[in-house]
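Data first, discussion second: the structure below is written as structure tokens.
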Amino acid sequence: MSGASQTSLWPLLARRIGSAALTLLMVSVVIFAIAGLLPGDAAQEALGQSATAEQVAALRHEMGLDQAAPLRYAHWLAGMVQGDAGQSLVAGMPVRAIIAERLPNTLMLAGMTAVLAVPLALLMGITAAIRRGTWLDRAINLASLSMVALPEFLVATLGVLIFSVKLMWLPSIAMVSAEASWSDTLRSCALPILSLTVVVVAQMARMTRAAIADQLDRPYVEMARLKGASLTRVVLGHVLPNCLGPIVNAMALSLSYLMGGAIIVETIFNFPGLASLMVNAVTSRDMPLLQACAMIFCSAYLLLMLVADMVALLANPRLRAQ
Amino acid sequence: MTGAMMDFSRRAMMLGGLSAGLTGLPALGGTIPKRGGSIRVATQSVSTADTLDPAKGALSTDYVRHYMLYSGLTKIGPDLIPRPSLAERIESADRTTWHIALRRGVHFHGGGELTSADIVFSLLRHKDPKLGSKMASIAGQFLDVRADGRYGVTIRLSGPNADLPAMLAQSHFLIVRHGVDRPDGNGTGPFRLAEFKPGIRTVVVRNPDYWVPGKPYLDRIELIAIPDEVSRLNALLAGDVQLVNAVAPHSTRRVEASPNHAIATTPSALYSNLIARMDRLPSGNPDFIAALKHLIDRPLVKRALFRGFATIGNDQPIPPFHPYYNPSIPQTTLDLDRARWHIHRGGLANVRLPIFCGPAVEGSVDMASVLQEYGAQVGLDLAITRVPSDGYWSTHWMRHPLSFGSTNPRPTADLVFSLFYKSDAAWNETGWKNPRFDQLLLAARGETSEANRKAMYGEMQQIVHDQCGSIIPVFISLIDGHDRRLRGLDPIPMGGLMGYQFAEHVWWAA
């Protein structure tokens, strides 16, 4: 029974990966089309205020922007299929090299935030659910609602003012470099991580609480309690597996935000991540770079969703039967 | 020998006196320049387009980086007068053919002596349209650049231009190694490149073989960019960086409140101007333009928008501290009666017109709001159309009857006039055509008498002030913030951070 249900996951996985590829293709078309509607192109933006017509024409030719848009897209797609993200129009170096500089930073920031935020959210959510109706529950609710309501630029700026400018405990900008030691990196990323944690933890905590609270009202919980199981054991052993699906889903949604949504935190802390790179690519109309960033964000989102669905399926055999 | 050469050496002497005075200044503070130290500097602009190629420099971070790594034939001093740098002498009899004698024994970071081949290569590459040089239009004046032996270069211009030494001092004309199509930081400048990551950081270390004896003082500089002004200032106050540029006027109090930090103000020729297109109506109506000029409350703009960090302007682009400034032009002031009279005479009552402004041009939205208020009092219905920065220069600047422009300081009066006020200039913002102005501009380039040149530039300022639709309320001062231990920051009005050349001059007194 269980063997059969596990083999039935593979076609599903294949279907999902196929539809993910299709989604990426559609996203790339949409991004290409919308970016084409923006005023000006890479040549004009590069020359800026001081552009003359013949300079723009020469630079356009140099960048290959004098080709028709569909042709440019086809070129890009052909390269992408072979794993070549192309050449950045503005920086004059391979997109792969630029991304390689930034992607590890973004992954590190997202990873460290997740390591901090996920256990914290689980702890908050489970505690609130178990102590439903008590002052602790209300305090956690209040805290998480305030976190949702506080814009991240406020959290980050206050953090800088207090911990960097006044107390001088932590650096105000995130200086990440290859030669910096782990402890230096951790210290300089402490404020960005804390700010991002504040942003993402609330949503996850509230979803966890809701899911667990819903399960706690079920008869099987009452049954288990009557049989003498401790509340902790009931929650961790019976309730949590049952609501793993929605919790993991909420976490995947929150964590996907850490890839592209960290733009404000990246700006305030001058963090060299992917989100600011993408904004830069938009303002400089650097199409290959923009597309590459969009593909990464989209893939990360799809991957997280896929993982969440797979976890939900594995945790809940009933879903697999459908 | 020749008038031009004597003239240039006289300038150099004047400058020698001045720089002696300047190096004397720090001594008053009880410190003399001292070797050593490492600082981190944050500018406001960053892009993946960050470049090591001087020709392509577009942002303040680029200019700073280029002045750290490369040297130019000439350099501009605090008085805006050029002096020799890599060129030991630069002289011309007719101001069309220029002879340059190079300093000898200057070496590139990567080895190899600086020779005329490097100069010829560095200057001529600007003429290649594929390069996308910011100075392509100026390099168009180079008819011919020729090596004259190992240490001599002859530049033949398409017409006389007495300002060549000043133009060659711009960061775009810094000298790179010959034959290197994509410059990689190998120059003759005060610092050597240690690390360069576009959009992230530049690290340079002291060049022990720098050709100016004793300089530079710092061992290492890390150059980063923090585009967000609040973050940049916080980084300064938290001690993460020691020098920042582009401090907003309203933030200066925060810096002054800190015992360890100070601001350095540079009066500059930077201006945000209201552009009235003169090739269409009603913005081309002289009465309309005259009315607008009398609707600007300049002291208010200076006080409220820039907290005093500005110099009052008079609708012409040469600031009061410029050597060619004409002080005899009467100052235009807020005068609602005069404005009303012009509106009436021009039959412009109840004219409705949008002003295009936005964050792309500093202060433009507030200036437009002030203008709208006063306009309403004299019967002009000016509407504020606020547009985003993105694409502003390609879609809005000069494209509407009323829009705002922004002009950075240029090294010479000729450049700012040629680029923005000459009838056939690509960025003749107002689209005006004034034959007398054009004639004076060309004549001044070849004029050998300094007094006559000054008079000619004076008349050009008068013509622009009287007739042009470029309305310049104030010149905006540039504000840098720095750690008090960083010494030697004396303003050079070409830009913030000592005209982007601080790296060579500052020292760390800790």
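Readers should treat all values here as calculations from the given coordinates under stated rules, not as data from a laboratory. The model shown is predicted, which means the values in this text are computed figures rather than measured ones. Here the Cβ positions follow ideal geometry from the backbone for every residue, glycine too, while neighbour counts run over all protein chains shown.
Classify region A:238-322 from the C-alpha gyration tensor, please: rounded if a/c falls under 1.5, else prolate or oblate depending on whether a/b exceeds b/c. In terms of gyration-tensor shape, oblate.
Multiplying each eigenvalue of the alpha-carbon gyration tensor of region B:115-207 by 5 and taking the square root yields semi-axes of 26, 16, 12 Å, largest first, rounded to whole angstroms. Computed across region B:34-107, the Kirkwood radius stands at 15.1 Å (inverse of mean 1/r, all Cα pairs). Across region B:304-401, the mean sequence separation of Cα contacts (distance under 8 Å, 6 or more residues apart), normalised by length, yields a relative contact order of 25 percent. Volume of the convex hull of the protein assembly as shown (Cα atoms only), normalised per residue: 199 Å³. Across region B:109-120, coupling constants 3J(HN,Hα) worked out from phi with the 6.51/-1.76/1.60 Karplus curve, θ = phi - 60°, read 4, x, x, x, 7, 5, 10, 4, 4, 5, 5, 4 Hz, and Gly and Pro carry x. Applied to region B:363-372, the Karplus parametrisation 6.51 cos²θ - 1.76 cosθ + 1.60 on θ = phi - 60° returns per-residue 3J(HN,Hα) values of x, 5, 5, 5, 4, 5, 5, 4, 5, 4 Hz, with x for Gly and Pro.
The Kirkwood radius of chain B, taken over pairs of alpha-carbon atoms, gives through the Stokes-Einstein law at 37 °C and 0.692 mPa s a diffusion coefficient of 138 µm² s⁻¹. Taking each residue as 0.36 nm, the span from A:Leu120 to A:Trp135 lengthens on full extension beyond its C-alpha to C-alpha distance by 3.5 nm.
Among the listed pairs B:Lys293/B:Lys433; B:Lys34/B:Lys215; B:Lys134/B:Lys422; A:Lys166/B:Lys197; B:Lys302/B:Lys433, a Cα-Cα separation exceeding 21 Å is found for A:Lys166/B:Lys197; B:Lys302/B:Lys433. Here's the list of aspartates and glutamates a cross-link from B:Lys127 could span, going by alpha-carbon distance under 16 Å and ignoring same-chain residues fewer than 8 apart: A:Glu54, A:Glu62, B:Asp53, B:Asp118, B:Asp144, B:Asp181.
For region B:325-404, the square roots of the Cα gyration tensor eigenvalues, ordered a ≥ b ≥ c, give a/c of at least 1.5 with a/b no greater than b/c, which places it in the oblate category.
Taking the Kirkwood radius as Rh and the Cα radius of gyration as Rg, region A:164-322 has a ratio of Rg/Rh equal to 1.11.
Averaged over all directions, how much area does the convex hull of the C-alpha atoms of region B:330-369 cover when projected, in nm²?
That works out to 4.1 nm².
Once divided by 2.2 N^0.38 Å, the Cα radius of gyration of region A:1-147 becomes 1.68. The residues packed around B:Pro208, meaning those with a beta-carbon under 12 Å from its beta-carbon, carry a net charge of +2 if Lys and Arg are +1 and Asp and Glu are -1. The H on the amide N of B:Arg40, modeled in the peptide plane, is under 5 Å from the matching H of B:Glu222, B:Gln242, B:Leu243, each at least 5 residues off or on a different chain. What shape does region B:287-351 take by its C-alpha gyration tensor, where a ≥ b ≥ c are the square roots of the eigenvalues and a/c under 1.5 counts as rounded, a/b above b/c as prolate, and the rest as oblate? Oblate is the answer for region B:287-351, as a/c is 1.5 or above yet b/c matches or exceeds a/b. Computed on region A:204-277, the Cα convex hull volume stands at 92 Å³ per residue.
If I take all pairs of Cα atoms in region B:130-180, what percentage of them are more than 18 Å from each other?
Working: 469 of 1275 pairs.
When every Cα pair of region B:130-180 is considered, 37 percent fall beyond 18 Å.
Each Lys or Arg adds one and each Asp or Glu takes one away; over the other residues whose Cβ falls under 12 Å from the Cβ of A:Val234, this sums to +3. Proximity of backbone amide H atoms, modeled 1.01 Å from N, is registered between B:Ile492 and B:Met498, B:Gly499 at under 5 Å, excluding neighbours fewer than 5 places apart on the same chain. Based on every Cα atom in region B:60-166, Rg and the maximum pairwise Cα distance Dmax equal 13.8, 37 Å. Listed values for region A:181-186 are Karplus-derived 3J(HN,Hα) couplings in whole Hz (6.51 cos²θ - 1.76 cosθ + 1.60, θ = phi - 60°), namely 6, 4, 5, 5, 4, 4, and x replaces Gly and Pro. Close amide H partners of B:Asp148, meaning residues 5 or more places away or on another chain with modelled amide H under 5 Å apart, are B:Val153, B:Thr154. Scattering from region A:281-322 was approximated by placing one identical point on each alpha carbon and applying the Debye formula without solvent; log10 I(q)/I(0) at 0.14 1/Å stands at -0.49.
Its Kirkwood hydrodynamic radius, worked out from the mean inverse distance over all distinct Cα pairs, puts region B:218-355 at 18.5 Å. For the options A:Ser181, A:Ser254, A:Ser172, a Gaussian network treatment of chain A with springs between C-alpha atoms closer than 10 Å singles out A:Ser181 as fluctuating the most.
Protection proxy ranking, highest mean first, for peptides A:98-105, B:179-186, B:277-284: A:98-105, B:277-284, B:179-186, where packing is the per-residue count of other beta-carbon atoms within 10 Å, averaged.
Based on alpha-carbon centroids, what's the gap between region B:417-449 and region A:144-163 in Å, whole number please? When both Cα centres are located, 54 Å separates them. Applying the Kirkwood pairwise sum to the alpha-carbon positions of region A:81-122 produces a hydrodynamic radius of 12.3 angstrom.
When every Cα-Cα distance of chain A is counted in 10 angstrom steps from zero, the calculated P(r) takes the values 5, 20, 25, 24, 16, 7, 2, 1, 0 percent. Compared with the rule-of-thumb size 2.2 N^0.38 Å for a compact globular protein, region B:195-250 has a Cα radius of gyration ratio of 1.39.
The ellipsoid that matches the Cα gyration tensor of region A:73-201 has semi-axes, each √(5λ) in whole angstrom, of 37, 21, 13, with the longest given first.
What is the distance in Å between the Cα centroid of region A:236-279 and that of region B:151-229? Centre-to-centre distance over Cα atoms comes out at 43 Å.
Simple point charges give the picture: +1 on the Cβ of Lys and Arg, -1 on the Cβ of Asp and Glu, and for region A:162-310 a dipole about the Cα centre of about 480 debye.
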